[in-house]
1. To two decimal places, what compactness ratio does segment B:3-110 give when its Cα radius of gyration is scaled by 2.2 N^0.38 Å?
2. I need the calculated FRET efficiency for the pair residue B:9 and residue A:10, taking r as the beta carbon distance and R₀ as 22 Å, to the nearest 0.05.
3. Express in nm, to one decimal, how much length is gained between residue A:70 and residue A:18 on full extension, taking 0.36 nm for each residue of separation and deducting their alpha carbon distance.
4. Suppose the chain between residue A:3 and residue A:38 were pulled fully straight at 0.36 nm per residue; how much longer would it get relative to their current alpha carbon spacing?
5. Provide a whole-number value for the mean count of partner chain Cβ atoms within 10 Å of the Cβ atoms in peptide B:90-102.
6. Quick one: if the Förster radius is 30 Å, what FRET efficiency do residue B:55 and residue A:59 give, using the C-beta to C-beta distance and rounding to 0.05?
7. Counting alpha carbon pairs within less than 8 Å and at least 6 residues apart, what relative contact order, in whole percent, applies to chain A?
8. Evaluate E = 1/(1 + (r/R0)^6) for residue A:30 and residue B:110, where r is the Cβ-Cβ distance and R0 equals 30 Å; express this FRET efficiency to the nearest 0.05.
């Protein structure tokens with residue numbers, strides 16, 4: 001089974017702190033994603049990466065950056081955390097992208113971030 | 001503008017009945033559509049994929065239909081059980097980008 005592991009399940013950070021959310025997948029997938037999920041807003045794509053060192057902005061990239069130095073690892077960075085970034089963050093991976101085969105997404109368990 | 005809508009935020013049914021969830025989309029031409037299940041506090045889990053040239057797909061008690069003319073997918077759970085209570089998300093695949101998700105429908109099955 002594909003496993004996507006998010007390093008932290010629950011975090012509490014202060015406004016202005018730099019926050020790192022780490023994600024590792026074990027299936028040699030090309031593509032990795034960061035979503036945030038908020039009540040009433042659903043899943044919103046922050047960034048995705050289709051290869052090492054490659055990234056694409058999603059729907060809500062403002063206030064976030066990402067890093068993918070190794071194929072299996074994709075990090076989400078909040079440069080200066082703000083209270084409106086309190087949310088559940090979901091990392092995911094897939095073999096394919098777009099309309100190709102293997103586009104099924106495998107999600108991690110989520111990281112609950114509270115910014116105070 | 002592009003939009004994916006799942007018919008209702010919440011659906012309550014009795015055990016043993018068939019649950020039907022709807023996913024409508026506008027201004028997309030998806031090659032296929034996927035359905036995911038999400039339990040509270042957990043990440044979504046893939047359930048089924050249906051391609052644009054398929055009318056219907058089944059997996060155990062689950063059935064999905066895909067009507068590209070109506071721009072709609074229906075997701076059915078037959079003989080529903082309390083364990084089926086969860087949020088169900090539909091997602092569309094488009095060229096060159098990540099899946100696009102609907103907001104989900106929360107199903108509650110009461111015994």
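Every number here is computed from the coordinates shown, using simple stated rules; none is lab data. Here the structure is a predicted model, which means the values were calculated and not measured. Every residue, glycine among them, receives a Cβ derived from its backbone with ideal geometry; neighbour counts consider all protein chains shown.
1. Details: Rg = 13.1 Å, N = 108, 2.2 N^0.38 = 13.0 Å.
Output field value: 1.01.
2. Values: r = 26 Å, r/R0 = 1.17.
The value I calculate is 0.30.
3. Extra length from residue A:70 to residue A:18 when fully extended: 16.6 nm.
4. Values: separation 35, 0.36 × 35 = 12.60 nm, distance 2.34 nm.
Full extension of this stretch gives 10.3 nm more.
5. Values: counts 0, 4, 1, 8, 4, 4, 6, 8, 17, 12, 6, 7, 2.
The shielding value for this peptide is 6.
6. 0.45
7. On the way: 304 pairs, mean separation 40.5, N = 116.
Computed over chain A, the figure is 35 percent.
8. 0.10
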